[in-house]
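Laboratory data are not the source of any read-out in this text; all were calculated from the coordinates shown. Just so it is clear, the structure is predicted and the values come from calculations on it, not from any experiment. Cβ placement follows ideal geometry from the backbone for every residue including glycine, while neighbour counts extend to all protein chains displayed.
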Amino acid sequence: MDNQPHAFNMLFTDLVENILSMADSPGRCADYLSENLRALIGARTVLVLECTHFSGEMLHEIISIFPERRRSLGYHEAVQNIAEFSHKLEHTAMFEPHEGGPIADALGRLNIDSAIVAPIKHGEERMGVLLLLDLLDTTGSKTVMETLDRLTPAFALVLRNAFLYNNLELEVARRTRDLKERTASLQMALAEKEVMLKEVHHRVKNNLQIVTSLLFLQADSSKNSSLREALKKSRGRIQSMALVHEELYQSEDLASVDMNEYVRKLCADLAEALESTVPIVFRECALRLPITQSIPCGLILNELVTNALKYAYPDGRSGEIRVSMLEDHGMVRLAVEDDGVGLASSMKNAETCSLGLSLVDGLAAQLHGQLKIVDKSVDQLGGYGVRFEIDFPGEEP
Amino acid sequence: MTESRSLNIMIVEDERIISMMLSRMVERLGHHVCACVTSAPAAIEALDRVIPDLAFLDINLEGEQDGIAVGIVLRERLGIPFVYATAYTDAETKARATATAPLAFLAKPIDLDSIKSLCDLVSN
């Protein structure tokens, strides 16, 4: 007789261990429990019910019944009544119909002779109830009840764990959905913004074009040749800005300009506008600059290349103009070089180009750059012409 | 080479200042602007009255029809050469415009030289 509690304890330890090992699946865990308890204790039917709250109403849902063929029994209203009344029980208890009381009455309605009702509690919280119906042998039921009181908290933990986890999963799913919705609406807003930005660049470019047209019309209606010349220069400057906006709204990021493309186009436009046959050699570069830097660069190039085209090669003198824009460790070097008559000789035009040079000076300062002018004819370097160099820190577009 | 003859030019452009500039440029080259309108229906209507030698068409015009509608009429009904003077357009528009077989696409800003070479091409 001394052996029995010991054997039971062994079995009990096994049960707890196995329950915990199946903690990730409460359904499987309950099935294991109902099947094994039925065999161990000897009952016709074992039911595991989980207490759930749905819109404020308490329900007991069958999570396991053994044997499965008696499932219909679980749907009987009396089973729900027993489960509800089990909330009043502090410990596992045995009931028989003749004893009277709500649980006994319910057993009577079910035609059941005896039953063990084991509340499944986590602390004071009711997680469910375990029902052993129609006991085959009621001797030793005290030990059985004590054991069940020790066993059910382990299963309560499994249920609670699953409940929390399930809630967590639901919460994660809800938040994921929210995030997706928000991302979608943000993407839409971004797309709208891009369209608008593109439209703005387009408008800016169109407006600059109108400005240049106005200058053309003004020049065209003037008989004063120096005024016409001045207006033409202004037109060129504005066109170099319009070209930046054209490159901008064709760029993917709508914020930076491909300088290779820009300088190539600008040089071609300038040669065409001045009807020059002096070749402009542009060294290809892979450089993008933000609008804040591409506008001053464009204006500087406009001045320097225009100057070179106009004054470096007078009287059909031959030569070329070399333009480059190179980047090294974040420093950009913009250079315009000719092998023409040199600054001193072309300075005869000092009055006409003084604005141009002071613009270059000012814009180089705006770029936080250094302007270097090398007059090769003065420095007696054996060469001719002028080299303008501006080194400035390039900004990440 | 004989002296190039004076052409009758049609301008379809809804930006008035740009069409004014275009008119001036054309006139300075010794040609005549026979019609200067701002919309596609106005252009198509004008084509009942005048027969230009060359037309400059902006693609994005006020109203529902764009310059391509005028291009189609010029090409298919009248066989008159025309040029699209336009800023950047999307690929789909560009493809539609190309399908009408224009003489050229004139990039904005419009300059006198390209106008001159196009007029020379037509007049010779």
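Each of A:MET94, A:THR277, A:VAL117 was placed along the dipole of chain A (beta-carbon charges, centred on the mean Cα), and the one lying farthest toward the positive end is A:THR277. Give, as a single signed number, the net charge of other residues whose beta carbon lies under 11 Å from the beta carbon of B:LYS116, with Lys and Arg counted +1 and Asp and Glu -1. Net charge around B:LYS116: -3. Taking Cα atoms only, the orientation of helix A:259-273 departs from the longest principal axis of chain A by about 30 degrees.
Taking the Cα centre of region A:1-101 as reference, the dipole from Cβ charges on Lys and Arg (+1) and Asp and Glu (-1) amounts to some 300 debye. Bridging of A:LYS88 to lysines at a Cα separation below 19 Å is possible for A:LYS121, once same-chain residues fewer than 8 apart are set aside.
Scaled against the 2.2 N^0.38 Å expected of a compact globular protein of N residues, the Cα radius of gyration of the protein assembly as shown reads 1.91.
For the peptides B:90-97, B:73-80, the ranking by packing is B:73-80, B:90-97, with the highest mean count of neighbouring Cβ atoms within 10 Å listed first. Only DSSP H runs of four or more residues enter the estimate; each adds -39500 (n - 2.57), and after division by the residues of chain A the mean residue ellipticity at 222 nm equals -18500 deg cm²/dmol.
For chain B, how big is the tail of P(r) above 21 Å, as a whole percent of Cα pairs? Cα-Cα pairs of chain B separated by over 21 Å account for 31 percent. Find, among the chymotrypsin sites (Phe, Trp or Tyr not before Pro) in region A:64-120, those assigned to loop by DSSP (not H, G, I, E, B) with at most 15 other beta-carbon atoms within 10 angstrom. The qualifying sites are A:TYR75. The eigenvalues of the Cα gyration tensor, multiplied by 5 and square-rooted, give region A:5-153 an equivalent ellipsoid with semi-axes of 21, 19, 15 Å from largest to smallest. Which of the pairs A:LYS265/B:LYS94; A:LYS198/A:LYS310; A:LYS223/B:LYS116 have their Cα atoms more than 32 Å apart in this structure? Where the Cα-Cα span goes over 32 Å, the pairs concerned are A:LYS198/A:LYS310. Can you list the residues, at least 5 places off or on another chain, whose amide H is less than 5 Å from the amide H of B:ALA55, using H built in the peptide plane? Distant-sequence amide H within range of B:ALA55: B:MET10, B:PHE82, B:VAL83. Dipole magnitude for region A:223-345: computed about the Cα centre from +1 point charges on Lys and Arg Cβ and -1 point charges on Asp and Glu Cβ, it is near 600 debye.
Note on region A:182-311: the alpha carbon radius of gyration divided by the globular reference 2.2 N^0.38 Å gives 1.24. When the Cα gyration tensor is reduced to axis lengths a ≥ b ≥ c, the ratio a/c is 1.5 or higher for region A:131-232, and with a/b above b/c it is classed as prolate.
Taking only the Cα atoms of region A:260-324, the ratio Rg/Rh comes out at 0.98, with Rh defined as the Kirkwood radius. The trypsin sites (Lys or Arg not before Pro) of region A:180-278 that meet both conditions, a loop assignment by DSSP and at most 11 other Cβ atoms within 10 Å of the site Cβ, are A:LYS223. Summed over qualifying helices (DSSP H, 4 residues or more, each -39500 (n - 2.57)) and divided by its residue number, chain B shows a 222 nm mean residue ellipticity of -11000 deg cm²/dmol. Residues in region A:47-62 carry Karplus couplings, in order, of 10, 10, 10, 10, 7, 10, 10, 10, 6, x, 9, 8, 10, 10, 9, 6 Hz; the curve used is 6.51 cos²θ - 1.76 cosθ + 1.60 with θ = phi - 60°, and Gly or Pro positions show x. Over region A:235-393, with a single point scatterer placed on each C-alpha, what log10 of the ratio I(q)/I(0) does the Debye formula yield at q = 0.14 1/Å? Relative scattering, expressed as log10 I(q)/I(0), comes to -0.66. Based on alpha-carbon centroids, what's the gap between region A:182-230 and region A:10-48 in Å, whole number please? Answer, in whole Å: 79.
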